[in-house]
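Asker: Got a structure here, written out as structure tokens. Questions coming.
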Amino acid sequence: MKHLWRSITLLAAGGLALTACGTGGAGATPTTSPSVVFSSSAGASGPAAQSDCGASALGGSNVKVRFQLQWTPQAQFAGYYAAKDNGYYRDAGLDVTILDGGPTIAPQTVVAAKDGPEFGEAWVPKVLVANEQGADLVNIAQVFQRSGTLEVSWKDSNITDPAQWKGKKVGAWGFGNEFEVTAAARKAGLTDADYKKVTQDFNMALLLNREIDTAEAMIYNELAQLLETTDPKTGKLYSQDQLNIIDLNKYGTAMLQDHVIARKSWLDGQTSGVSNAQIATCFLRASFKGWIYCRDNPDKCVDITLNQGTILGKGHQRWMMNEINALIWPSPSGIGILDPKLWNQTVSISKDFKILKADPASWAYRTDLAQKALDGLQGTDTQGASFQKGTVQVTPKGE
């Protein structure tokens with residue numbers, strides 16, 4: 001499945017090659033300042049005690065595992081690339097193969113297969129729906145603490161609230177990425193008949209061409225794609241002053257997104273006499289180190305990401321890295337630790353708006369593995385309490 005989708009959709013509007021969404025923080029204001037100042041949290045990524053990890057602890061040789069991503073290479077996954085590039089996975093006793101995703105790949109389906117990858121990352125509601133359909137996927141680390149989903153329209157459309165979607169063409173993605181948007185419509189009192197839901201491709205073509213009134217966008221990807229596009233009327237890049245942005249965190253229908261999943265049946269088993277739960281702990285510890293590295297070294301992580309073969313360029317990846325860090329940090333209980341209140345909110349919204357039929361099983365998430373991973377990172381800043389999001393200059397076409 002690697003490198004499944006590398007085609008670029010060329011749009012007449014602005015001439016920008018608009019491409020893939022990162023299926024999968026948007027409580028903060030988007031970055032728009034013309035300066036380039038990446039923030040760096042206090043606390044260096046110090047050495048971790050890993051007596052329970054490493055080849056000797058995992059049976060004498062590095063354990064081969066696969067990790068399925070949601071999308072093609074981009075800074076949304078920079079922490080995992082850094083963990084591999086910097087040797088954190090190797091040092092933890094793992095030989096990790098990172099599998100690219102794409103528009104036709106659903107990690108919750110791929111990982112749920114009996115012979116599927118040991119790990120994957122996906123949005124929480126999609127995984128819970130898969131579990132209702134018979135999967136046994138467990139949330140073992142909640143990496144993103146906030147949702148990145150926005151609904152964007154042109155300022156002259158005067159759409160500032162989901163209630164104003166009535167009679168409008170509302171863009172949303174498929175594959176379960178639309179749940180927050182449809183929940184917002186229902187919260188506004190709209191039925192499916194009150195507006196026309198248009199399934200977007202994973203780009204902003206329909207909004208740029210004014211074929212829809214409002215479009216789903218990630219704060220770290222599609223919003224930037226709009227701002228990286230030239231307005232044909234002015235010859236300048238579009239600005240946020242030309243947009244109305246509905247932040248679904250503020251509207252109250254935001255749900256938990258990027259997290260690490262594994263099959264319960266796999267976690268309960270062993271590999272060559274080693275507990276798979278122990279292997280998972282080592283995978284998380286190395287991954288957390290990767291994300292901490294990207295928090296403290298965002299420019300280096302952009303370069304690591306570009307080396308994976310990204311579709312969009314350095315300017316776009318810098319924007320994305322900055323916004324992704326803001327979805328993760330601060331992590332009040334430590335990176336990867338799920339907040340039960342946010343879990344309950346996600347479940348409640350999913351049930352209220354008929355995304356889920358019932359409460360998830362009690363095993364649908366566990367925090368003990370992430371906590372053990374953090375326990376091996378003593379002396380490292382795993383919370384990022386002093387993190388401040390930087391500002392990144394928008395570049396034409398994200399170059």
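Asker: Quick one: which residues, 5+ away or cross-chain, put their amide H under 5 Å from the amide H of Leu237? H built at 1.01 Å from N.
Answerer: Long-range HN contacts for Leu237: Asp231.
Asker: Using 0.36 nm per residue of separation minus the Cα-Cα distance, give me the extension gain between Glu132 and Asn344 in nm, one decimal.
Answerer: 74.7 nm
Asker: Place a point 7 Å from Cα of Thr97 in the direction of its Cβ. Which residues in segment 50-70 have their backbone N less than 15 Å from it?
Answerer: In segment 50-70, the label zone of Thr97 (backbone N under 15 Å from the point 7 Å along Cα→Cβ) covers 63-69.
Asker: Decide, for segment 316-374, between rounded, prolate and oblate: order the square roots of the alpha carbon gyration tensor eigenvalues as a ≥ b ≥ c, take rounded if a/c falls under 1.5, and otherwise choose prolate if a/b is larger than b/c, else oblate.
Answerer: Note, shape of segment 316-374 comes out oblate.
Asker: Over 21 Å, how big is the tail of the calculated P(r) for segment 205-360, in percent of all Cα pairs?
Answerer: Above the 21 Å cut-off, segment 205-360 has 64 percent of its Cα pairs.
Asker: Apply the a/c threshold of 1.5 to the C-alpha gyration tensor of segment 149-251 and tell me whether it is rounded, prolate or oblate.
Answerer: In terms of gyration-tensor shape, prolate.
Asker: If you average the sequence gap of Cα pairs under 8 Å that are 6 or more apart and divide by the length of segment 149-251, what percent do you get for the contact order?
Answerer: Dividing the mean separation by the residue count of segment 149-251 yields 44 percent.
Asker: Oh, and also: Let me spell out the model: positive unit charges on the Cβ of Lys and Arg, negative unit charges on the Cβ of Asp and Glu, origin at the Cα centre of segment 149-251. What dipole size does that give, in debye rounded to 20?
Answerer: 260 debye
Asker: Could you give the dipole magnitude of the chain about its Cα centre, charging the beta-carbon of Lys and Arg +1 and that of Asp and Glu -1, in debye to the nearest 20?
Answerer: Using Cβ point charges on Lys, Arg, Asp and Glu, the chain gives about 220 debye.
Asker: Okay, moving on. Mind checking the full-extension length gain between Ala57 and Lys236? Use 0.36 nm per residue of separation minus the Cα-Cα distance, one decimal, nm.
Answerer: Here the segment from Ala57 to Lys236 would lengthen by 58.7 nm.
Asker: Write down the percent of antiparallel bridges among all DSSP beta bridges whose residues are both part of segment 149-251, to the nearest 5.
Answerer: 70 percent
Asker: Please state, as a whole number in µm²/s, the translational diffusion coefficient that the Stokes-Einstein equation yields for the chain at 20 °C and 1.002 mPa s, with Rh defined as the Kirkwood radius across alpha carbon pairs.
Answerer: Answer from the Stokes-Einstein relation: 101 µm²/s.
Asker: Run the quick spin-label model on Asn209 and Val274: label points 7 Å from Cα toward the beta carbon, then report their separation in nm to one decimal.
Answerer: 5.1 nm
Asker: Also, I was wondering about something else. Please report, in whole Å, how far the alpha carbons of segment 98-223 spread along each principal axis, starting with the longest.
Answerer: 50, 28, 25
Asker: Helix-only mean residue ellipticity at 222 nm, the chain, DSSP H runs n ≥ 4 weighted -39,500 (n - 2.57), per residue, nearest 500. What is it?
Answerer: After summing the helix terms and dividing by residue count, I get -8500 deg cm²/dmol.
Asker: Also: Apply the Karplus parameterisation 6.51 cos²θ - 1.76 cosθ + 1.60, with θ equal to phi minus 60°, to every residue of segment 377-389 and state each ³J(HN,Hα) to the nearest whole Hz, in sequence, with x for glycine and proline.
Answerer: Residue by residue, segment 377-389 yields 10, 4, x, 10, 6, 9, 9, x, 4, 8, 4, 10, 5 Hz.
Asker: Another question about this same structure. For segment 156-161, in order, what is each residue's ³J(HN,Hα) by Karplus, 6.51 cos²θ - 1.76 cosθ + 1.60 with θ = phi - 60°, in whole Hz (x at glycine and Pro)?
Answerer: Once rounded to whole Hz, the list reads 6, 7, 6, 9, 10, 8.
Asker: Follow-up. Take segment 92-166, drop everything but the C-alpha atoms, weight them equally and run the Debye formula without solvent; then report log10 I(q)/I(0) at 0.16, 0.23 Å⁻¹ to two decimals.
Answerer: Calculated log10 I(q)/I(0) at the listed q: -0.76, -1.12.
Asker: Could you pull out every residue, at least 5 positions away or on a different chain, whose amide H is within less than 5 Å of the one on Leu99? Hs are placed 1.01 Å off N in the peptide plane, and Pro or chain starts have none.
Answerer: Phe67, Gln68, Leu69
Asker: Please list the non-local residues whose amide H lies under 5 Å from the amide H of Ala262, H modeled 1.01 Å from N, same-chain partners needing a gap of 5 or more.
Answerer: Distant-sequence amide H within range of Ala262: Val138, Ile140.
Asker: Name the residue from Tyr220, Asn244, Trp165 whose Cα lies farthest towards the positive end of the charge dipole of segment 149-251, charges +1 on Cβ of Lys and Arg and -1 on Cβ of Asp and Glu.
Answerer: The residue sitting farthest along the positive end of the dipole is Trp165.
Asker: What residue among Gly290, Gln70, Leu369 has its Cα farthest toward the positive end of the dipole of the chain, where the charges are +1 on Lys, Arg and -1 on Asp, Glu, each on the Cβ?
Answerer: Result: Gln70.
Asker: Same structure again: List, in order, the whole-Hz ³J(HN,Hα) value for each residue of segment 83-89 obtained from phi through the Karplus relation with A = 6.51, B = -1.76, C = 1.60 and θ = phi - 60°; use x for Gly and Pro.
Answerer: Values per residue, Gly and Pro as x: 4, 6, 5, 8, x, 5, 5 Hz.
Just so you know, all these numbers are worked out from the coordinates, no wet-lab data involved. Bear in mind that the values here come from a model prediction, so they are computed numbers and not experimental data. No Cβ is skipped: glycine too gets one built from the backbone with ideal geometry, and neighbour counts run over all protein chains shown.
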